[in-house]
Amino acid sequence: VLELLKGVQRGSEDRRRSLSRLRWALQNKETQQKFVRLDSSIQTLIGLFTSSLADMQMEAARCLHELSHSSDPAVAEACLPVTSYLLTYLSGYSVEFTELCLYTLGNLVVESEAVRKQLLPQGIIPVLASCIQSPHEVVLEGLGYVLSQLLQAKEAPTEIIPLVLDSVLPQHMLQLVCSGLKTGIGAAVEFAWCLHYIVCSHTANAALLSLGALPALTSLLLDLASEIPEDAPEGLELLVCPVLRCLSNLLADETGCEVQIQDERLLIALFLILQCFLQQHPFIVQECLWLLNNLTADEPFFCFALLSLDLLPALLQLLPCSQMASVLVLTVLCNIAEKGPAYCQQLHQQPALPLLLPTLMLPDPEVVGQCLELLHLLFLHCPEAAADFVRQGGHRALEQHQSTPELQERVRALLDMVGQPMGASAFSPCHTTLSAFS
């Protein structure tokens, strides 16, 4: 490492070759740590990085980029002197050079709070805002990467997100996400995650809503669903996931949001996405169900639409997918049942009970507990469901949970309801919006 550094410093004709060899050597973790401890190592790289020789400048940028991959905060902090130059060169002489500077910045801010604290007063947010109208997909993708790393920092809600909101970034991010199918999925994915991290902070939702985030993201989801049957681009699920999360969290955080998107096509889009990704990308099922829960939690519009569009059979088929899917499907069913007798009668007529009985036999207390909540609502609003439940042997399935401490009280209450359908209940209504994954 020392010899390579000396070769770089000597300024001989072999300097570029030494620099290229150094770049490859810096892919090694131990080499990175040794290099930053050498006297004048970073200063030498900065000197070449800021030189007027384009080939030397590019090789030095590549060396700095290799250093930025280090998971050692000491290496990131050794690179502190280069951050102001990285910002300056975001308006660099080539797309490749700009892209390299962006990813180097993004890597450095991940590992070091000291780097982030230095970059904020240096004006990283205004500089990034000036880059967001670049016509180059790779620059936009790199920019999205830097922003997503900054927005995940622990100090983001108080120190970074307010600066982002005061810039043009949110509006342009939303536009780029919504045009992702035309301009390229890579950048759209990065910016969709950026919006998700902003929403998860719960400090900026009003600002995003004022920009029309809900109708814009809803429209995008409809477009994404329409792409699925034939011309779905590769990696579409990577964009669908953060878009679903953004919508779910916006709905969970702001009461009354669902009134703004009373469009039954959204349900059809959700079930198309579920059907498409169920086998190859089952994690999308969970994301769709989070959103479906938050759509049906309060307003009856989507509960009615789900039943009138005959989507209940497709929902019930998701019960065995996974533990989390079971809980979420049952929660959505509870949201529907909580709306009253007419909804419970429809659930009973579909019929839901035969599919609930195997779920009730599972050993998972969380799944069984949610199933008990649903049965309570069905029996309360639709007494004939209780009679059918007994005829199908459901009371025996209930009895096997009488010794489970967290289920005992609810099991006894349900057994009482089966014997006396109009009797008092130990249950409270169950409906809640859920914050999606943060």
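Could you tell me how many degrees, from 0 to 90 and to the nearest 10, lie between the Cα long axis of helix 283-296 and the main elongation axis, the longest principal axis, of the Cα atoms of the chain? The two axes meet at around 60 degrees.
Counting only lysines at least 8 places from Lys154 when in the same chain, those with an alpha carbon closer than 23 Å to its own are Lys117. Distance from the Cα centroid of the range 160-180 to that of the range 62-79 is 28 Å (rounded to whole angstrom).
Entry note, the chain: relative contact order of 9 percent, from Cα contacts under 8 Å with a spacing of 6+ residues. Computed from Cα atoms, the angle from the helix 408-419 axis to the main principal axis of the chain rounds to 30 degrees. Measuring nothing but how far apart in sequence close Cα pairs (under 8 Å, 6+ apart) lie, relative to its length, the range 1-122 scores a relative contact order of 21 percent. Calculated from the structure at hand, P(r) over Cα pairs in 20 Å bins from 0, in percent is found among [x] 25, 55, 19, 0; [y] 25, 52, 21, 2; [z] 23, 40, 26, 10, 1 as [z].
Quick one: helix 169-178 against the long Cα principal axis of the chain, what's the angle to the nearest 10°, folded into 0 to 90? For 169-178 against the chain, the angle is about 60 degrees. Secondary-structure-derived ellipticity at 222 nm for the chain, considering helices only, amounts to -20500 deg cm²/dmol, per-run term -39500 (n - 2.57) for DSSP H runs with n ≥ 4. With a cut-off of 15 Å between beta carbons, the residues surrounding Ile125 carry a summed charge of -1, where Lys and Arg count +1 and Asp and Glu -1.
Accessible area per residue for the chain is 42 Å², calculated with a 1.4 Å probe on protein heavy atoms, without ligands, DNA or RNA. Taking only protein heavy atoms and a 1.4 Å probe, the accessible area of the chain is 51% carbon and sulfur.
The values are calculated or read from the model by the stated rules, or taken from the named source; none is laboratory data. All of these numbers come straight from a predicted model, not from anything done at the bench. For neighbour counting, all protein chains shown are included, and Cβ atoms are generated from backbone atoms with ideal geometry for every residue, glycine included. To get the accessible areas, we keep the full protein, side chains included, count just its heavy atoms, and leave off ligands, DNA and RNA. Shrake-Rupley method; radii C 1.70, N 1.55, O 1.52, S 1.80 Å.
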